[in-house]
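The values are calculated or read from the model by the stated rules, or taken from the named source; none is laboratory data. Bear in mind the structure is a predicted one, so any value in this text is a computation, not a measurement. As a convention, Cβ positions derive from the backbone with ideal geometry for all residues, glycine included, and neighbour counts pool all protein chains shown. Each accessible area value is taken on the protein alone, full model and side chains, heavy atoms only, with ligands, DNA and RNA left out. Shrake-Rupley method; radii C 1.70, N 1.55, O 1.52, S 1.80 Å.
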Amino acid sequence: MNTEHKKASLLEKIAAFIVDRRKGFYLVYILLIIFSLFSSNWVSVNNNLTDYLPDATETRRGLTLMDDEFTTYATADIMIDNIACNDAQKLCKELEKIKGIKEIAFDDTDSHYSDGYALFSVTFDGASTDEITVNAFEETQSKLADYDTYISASIGDEDSRRMASEMNTVMIIACVIILAVLLISSHTYMEIPVLVLTFGAAAILNKGTNYMVGTISFISNSIAIVLQLALAIDYAIILCHRYTEERETKDARDAVITALCKSIPEISGSCLTTLSGLATMGFMQFKIGLDMSIVLIKAIIISIVVVFTLMPGLLMSFSSLIDKTHHKSFVPKIDRWSKCVIKARFITPGIFAVLIVVCFFLSGSCPYAYSDAELTTINKNESQIAREMIKNTFRRTNVLAVVVPSGDYEKEQLLKKELEEYKEVDSVTGLASVDAMDGYKVGDRLSPREFSELTDMDIEIVRLLYSAYAANDESYGRIVGGIDNYKIALLDMFDFVFEMIDEGYVSLDDEMQEDLNELRDKLSDGKKQLKSDEYSRLVLNLNIPEDGDEAFKFLEVVRNTAKKYYADDVVLVGNTTSNYDLSESFSRDNLIISVLSIVFVLIVLFFTFQSAGIPIILILVIQGSIWINFSFPTLQNNPIFFMSYLVVSSIQMGANIDYAIVITNRYAELRRKMHKLDAIKESLNLAFPTVFTSGTILASAGFAISLFSSSPIIASVGSTLGRGTLISIALVMGILPQLLVLCDFIIEKTSFNLKDIRKDIKEHVAIGGKNDEE
């Protein structure tokens, strides 16, 4: 149609403005890209999944409590191969002299020495990111350079740097794959630079605007840019192909304007399913879903804006080169496949029905992991290799903290004693049970006579100290009733004596002063880690896995045991508690994701196709692909990280369904002009290049993440995404066409036209109004 003789619509005016003012848009994007290159370094990344647990969970409450009340020092496990026990002990003493190392646990028991392997359990003077810890760790590595070592530690930001490096590799691999796929599926060679520039700009802008979100998770930071390229590439391809079609009959400017006008509604409709699928993650109780939802939705929106505002100008600027570099399509026709699909239309849907019922139950038994302790990856970093070697050589310890109200050392000792009786417990550390002197524990209650004998202090001085303590504690009845029967916990009495010594009220002989100073340092460290004014914590070393039913059941045993002494004032903190809370959160989030993703997509499809039958068919196919995808871990007895299901099922339902929409749209258009069998054959041929391009890129991106990421969590998301996309492509290209043909009469009966409905409503209202007048 000649636009000169027809008044331009608002959309055409906007498209013309974008094309004609392209140099202005170039300038804006250049400035935004420069800004984003700097602002991408402002992004704060959180590497701790437990920070995203709801505030009401025991793990979140416990971690907050421990951060506020206790000091937790950084630790490292260092295993040295091919070393004699005596040499290991000498080396241990050398390492303990390093500034920043508090202590190193090592002895000749099988917990620290076995068959030429020595295990040093190092405790530093600061937290994992403190400068004193980082410097001490680096000096330790330097001193051990000549030894065959395996070091398992999370010191500094090494994990973040390693993850960034791995994802850069994934990004390069993904770009190579994308270029190869675009080369195969493109119509001209010079449209590839246009696509690359478009998505390069979108990716940089998305990464550069992440700082606006605040702190983002390491998962979002790692995979968002790859998923952005894979999920949003369709939008640029749609506009590019539209331009190629329009260019056959129009000059370059009109072709770009017309292509943009036609693409805006098509792309906007296509992205709605993707956005709705991603939006469902925002309703998760586990807040990392909201984190990923915001980052990925922002990525999709930025991609669409760039496609609408930057790409038209690029197409115009590159138009002459695009015209000169046309080539034959390398995507083959799939006539044989179409014939096979049609011939099998009465057989394979029945097989598919049985398959999805079986896979529904198999996927329901999918083995999920809630930590990365038992997960494996194809690519392993040095820390993972070290952790596995240490685990295989020495028994791995599962640490659990029991936080209780402080002040009653007798209760703590009784609780410690009872917990030590369980076979799942190797040891229990509590401040009240720390050895003091001459066989006494610091929680033991001593009379003045016993304290005098322990410290060799004069009994009269000790009585005065006990009287002063009672007066300070406002326990005046103790003074009146006889101070000799007054018993005070050794820890409290030592604190009071240290205070009196500092103020000059008490003096001791040199030997006793030296002993007490040593004990004072020991108690000071112990109190920082195990006692505050309000709370005490007992640290349990368990010999059971961190994850699984056995560990979760034992949590209840520990909690019920502690409640006998402290009622409901008990908080458990550890990897097992975290995993339990994640599993409980997953049970709810799984249901929400499954229901909302289907409902949201169903609504979009209902209005897109103006049919009640088509949405159900499309949902059935994609939901079937999800069930099949998550049946594999069950059949392989291979646990996957629970987030993989939540993320990948959302992406499959929100993005993979676009492949089904492409075929169904083509079929709906062609069905008006030809027989249903001819329509489905032609639909498959026309839709295959789009499905092939988009599907190959998304699947390749997923598998690249799985192959090159050493993070079990991220690798698990990548492998399930890659596999799920391939399954979706197979079902969309095989089962969906058969269902469309077989259900053709149902589709026809359940279709409606919104314009006709609105017209009927207006007529009904008009008739009703006329009757009222009469």
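Fraction of C-alpha pairs exceeding 22 angstrom in segment 1-113: 71 percent, rounded to a whole number.
Per-residue extension of 0.36 nm, minus the Cα-Cα distance of Glu139 and Ala180, leaves a gain of 10.1 nm for this segment. Each peptide in 184-194, 236-246, 643-653 gets a packing score, the mean of other Cβ atoms within 10 Å over its residues, and the list from highest to lowest is 643-653, 236-246, 184-194. Taking packing as the residue-averaged number of other Cβ atoms within 10 angstrom, the listed peptides 114-122, 360-368 run from highest to lowest as 114-122, 360-368. If you wrap the tightest convex hull around every Cα atom of segment 405-461 and split its volume per residue, you get 90 Å³.
Model label sites at Phe606 and Tyr422, defined 7 Å from Cα along the beta-carbon direction, differ in position by 5.0 nm. For the chain, complete DSSP H runs whose alpha carbons reach 27 Å or more along their own long axis and whose mean Kyte-Doolittle score is 0.0 or higher are 158-185, 218-247, 252-279, 288-309, 575-609, 676-708, 712-742.
Extension gain, Ser165-Ala84: 0.36 nm per intervening residue step, less the Cα-Cα distance, totals 25.4 nm.
Diffusion of segment 62-164 by Stokes-Einstein, at 20 °C in a medium of 1.002 mPa s and with Rh set to the Kirkwood radius over alpha-carbon pairs, works out to 148 µm²/s. With every protein chain in place and a 1.4 angstrom probe, the accessible-area ranking of Val539, Val28, Val170, largest first, reads Val28, Val539, Val170. Average accessible surface for the chain: 47 Å² per residue, computed with a 1.4 Å probe over protein heavy atoms with every protein chain in place. Accessible area of Thr149 (1.4 Å probe, protein heavy atoms only, ligands and nucleic acids ignored): about 40 Å². Our compactness index for segment 523-609, the C-alpha radius of gyration over the empirical 2.2 N^0.38 Å, is 1.74. Remark: C-alpha extents of segment 700-751 on the principal axes read 52, 17, 11 Å, sorted largest to smallest.
Tyr147 contributes an accessible area of around 90 Å² to the protein surface, as traced by a 1.4 Å probe with all chains present. Taking label points 7 Å from Cα along the Cα-to-Cβ direction, Thr750 and Ala127 give a separation of 5.5 nm. Calculated [222 nm] ellipticity per residue, helices only, for the chain: -22000 deg cm²/dmol; basis is -39500 (n - 2.57) per DSSP H run with n ≥ 4, divided by all residues, nearest 500.
So if the hydrodynamic radius of segment 564-703 is defined as the Kirkwood radius over C-alpha pairs, what does Stokes-Einstein give as its diffusion coefficient at 37 °C and 0.692 mPa s, in µm² per second?
Details: Rh = 18.0 Å.
Approximately 182 µm²/s, per Stokes-Einstein.
May I ask you to compute the full-extension gain from Leu742 to Tyr147, defined as 0.36 nm times their residue separation minus their alpha-carbon distance, rounded to one decimal in nm?
Values: separation 595, 0.36 × 595 = 214.20 nm, distance 6.98 nm.
Fully extending the segment from Leu742 to Tyr147 adds 207.2 nm.
Classify segment 80-129 as rounded, prolate or oblate from the Cα gyration tensor: take a ≥ b ≥ c as the square roots of its eigenvalues, call it rounded if a/c is under 1.5, otherwise prolate when a/b beats b/c and oblate if not. Judged from the Cα gyration tensor, segment 80-129 comes out prolate (a/c at least 1.5, a/b above b/c). Using the Stokes-Einstein relation with a Kirkwood hydrodynamic radius computed over Cα pairs, the translational diffusion coefficient of segment 320-394 at 25 °C and a viscosity of 0.890 mPa s comes to 129 µm²/s.
Of the heavy-atom accessible surface of segment 615-693 (probe 1.4 angstrom), what whole percent is carbon and sulfur? Mind showing how you got there, number by number?
Values: 1440 of 2570 Å².
Result for segment 615-693: 56 percent of the exposed heavy-atom area is carbon or sulfur.
A 32 angstrom limit on the alpha carbon distance is what I want to check against. Which of Lys97/Lys411; Lys143/Lys528; Lys250/Lys339; Lys143/Lys207 exceed it? Exceeds cut-off: Lys97/Lys411; Lys250/Lys339; Lys143/Lys207. Working value for segment 28-86: equivalent-ellipsoid semi-axes of 39, 27, 10 Å, each the square root of 5 times a Cα gyration tensor eigenvalue, largest first.
Packing, as the average of other Cβ atoms within 10 Å across residues, places the peptides 553-565, 30-42, 721-733 in the order 721-733, 553-565, 30-42, highest first.
Entry note, the chain: relative contact order of 19 percent, from Cα contacts under 8 Å with a spacing of 6+ residues.
Shape analysis of segment 213-356 yields a ratio of the Cα radius of gyration to the Kirkwood radius, Rg/Rh, of 1.09. In the frame of its principal axes, the chain has Cα extents of 113, 71, 52 Å, reported largest first. When 1/r is averaged over all different Cα pairs and the result inverted, which Kirkwood radius in Å belongs to segment 1-66? Across segment 1-66, the inverse of the average 1/r is 17.3 Å. Using the Kirkwood formula on the Cα atoms of segment 132-242, what hydrodynamic radius do you get, in angstrom to one decimal? The Cα-based Kirkwood calculation yields 17.1 Å.
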